[in-house]
Amino acid sequence: KKPVVLITKTENEAKEAYNCIRFLSGNNSKILHLPQSNKSPYQSSHADPILNMERMAVLFKIAIEDNFQILVTSTFALINKSVPFSALQENACMLEVGLEISRNELTTKLTKLGYSKVRTVEDIGCFALRGSIIDIFWPGVDMPMRIDLFGDMIESIKSFDPKTQLTKEKYSEFVFGPVKEVILN
């Protein structure tokens, strides 16, 4: 009943173990992989932004005590310096059906959390505004979320396929956090 943390020697072993466990569990979403940052302090190049977003999503899930069953990671991923859990908890966003929100405040917060404003959401770390609809693609979910507003009230929250833009599942709430290590507050 308690979460299990599997620590491997290398990142490749962690990825392989994660893929095997996910396959054997039927793609259980309660199995997490904390990837190793691919940037060391001695490199002059920038780290892969997608990898950093995935890392931030896993750290956020751990920080808000999302009930995971298994966390797979490598020793180097554990020793990578990261954002303090308190900063992730302070910047958690929870949207739920029936909640009244300010569209302008939400878009400002999304920008501060590192999301990029785009016309159509297709990639993680992006958001789009179209009238009363706000699309958000947080790396901690498989598909982006579409928040439909009626005035200032959230009327519905649905996942959608980024390729076809067709809605998939309805949700009563959506909890998400920052996508970048630098939070502009």
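Readers should treat all values here as calculations from the given coordinates under stated rules, not as data from a laboratory. Keep in mind that this is a model prediction, so the values were computed, not measured. Every residue, glycine as well, gets a Cβ built from its backbone with ideal geometry; the counts of neighbours run over all protein chains shown.
Using Cα atoms only, what is the angle between the long axis of helix 49-63 and the major principal axis of the chain, expressed in degrees (0 to 90) to the nearest 10?
Rounded to the nearest ten degrees, it is 90.
Taking trypsin sites (Lys or Arg not before Pro) as exposed when DSSP calls them loop (any state but H, G, I, E, B) and at most 10 other Cβ atoms lie within 10 Å, what is the longest stretch of the chain free of them, the sites themselves excluded?
That would be 10-80.
Contact order normalised by length for the stretch 112-185, with contacts defined as Cα pairs under 8 Å and 6 or more residues apart; what percent is it?
27
With viscosity set to 0.890 mPa s at 25 °C, what whole-number translational diffusion coefficient in µm²/s follows for the stretch 32-185 from Stokes-Einstein and a Kirkwood radius over Cα pairs?
151
Take every Cα pair under 8 Å in the chain that's 6+ residues apart, average their separations, divide by the length, and report that relative contact order as a whole percent.
Numbers: 343 pairs, mean separation 40.4, N = 185.
Value for the chain: 22 percent.
So how tilted is helix 11-24 from the main axis of the chain? Cα-based, degrees 0 to 90, rounded to 10.
60
Going 7 Å from the Cα of N104 toward and past its Cβ, which residues in the stretch 113-144 have a backbone nitrogen under 18 Å from where you end up?
Within reach of a label on N104: 129-134.
How large is the helix-only mean residue ellipticity at 222 nm for the chain, computed as the sum of -39500 (n - 2.57) over DSSP H runs with n ≥ 4, divided by its residue count, in deg cm²/dmol to the nearest 500?
-8000 deg cm²/dmol
From the backbone phi of the stretch 141-157, what are the Karplus-calculated ³J(HN,Hα) couplings (6.51 cos²θ - 1.76 cosθ + 1.60, θ = phi - 60°) in whole Hz, Gly and Pro given as x?
10, 6, 10, x, 10, 10, 9, 9, 9, 10, x, 9, 9, 6, 8, 7, 10
Using the crude model of +1 on Lys and Arg Cβ and -1 on Asp and Glu Cβ, and no other charge, please compute the dipole size for the stretch 127-185 relative to its Cα centre, in debye to 20.
So the magnitude is around 180 debye.
For the stretch 172-185, take each phi angle, set θ = phi - 60°, evaluate the Karplus expression 6.51 cos²θ - 1.76 cosθ + 1.60, and give the result in whole Hz per residue in order, putting x for glycine and proline.
8, 8, 9, 10, 8, x, x, 10, 10, 6, 9, 9, 7, 10
Which distance in nm do the two modelled labels at N185 and N28 give, with both placed 7 Å along the Cα-to-Cβ direction?
Roughly 3.4 nm, to one decimal.
Tell me, what ³J(HN,Hα) does each residue in the stretch 115-125 have, in order and in whole Hz, if you take phi through Karplus 6.51 cos²θ - 1.76 cosθ + 1.60 with θ = phi - 60° and put x for Gly and Pro?
With the stated coefficients, the stretch 115-125 comes to 6, 9, 7, 10, 6, 9, 6, 10, 10, 5, x Hz.
Toward the positive end of the charge dipole of the stretch 41-185, about the Cα centre and with charges on Cβ (Lys, Arg +1; Asp, Glu -1), which of P49, F137, F176 goes farthest?
So the residue furthest toward the plus end is P49.
Could you give the dipole magnitude of the stretch 2-158 about its Cα centre, charging the beta-carbon of Lys and Arg +1 and that of Asp and Glu -1, in debye to the nearest 20? Walk me through the numbers before you get to the answer.
Values: 17 positive and 18 negative charges, 71 e Å.
Here the stretch 2-158 has a charge dipole of around 340 debye.
Given labels modelled 7 Å from the Cα in the Cβ direction, how far is it in nm from K2 to E16?
The modelled label-to-label distance comes out at 2.9 nm.
What is the helix-to-structure angle for 103-112, meaning the angle in degrees between its Cα long axis and the longest Cα principal axis of the chain, kept from 0 to 90 and rounded to the nearest 10?
On a 0 to 90 degree scale, this one is about 20.
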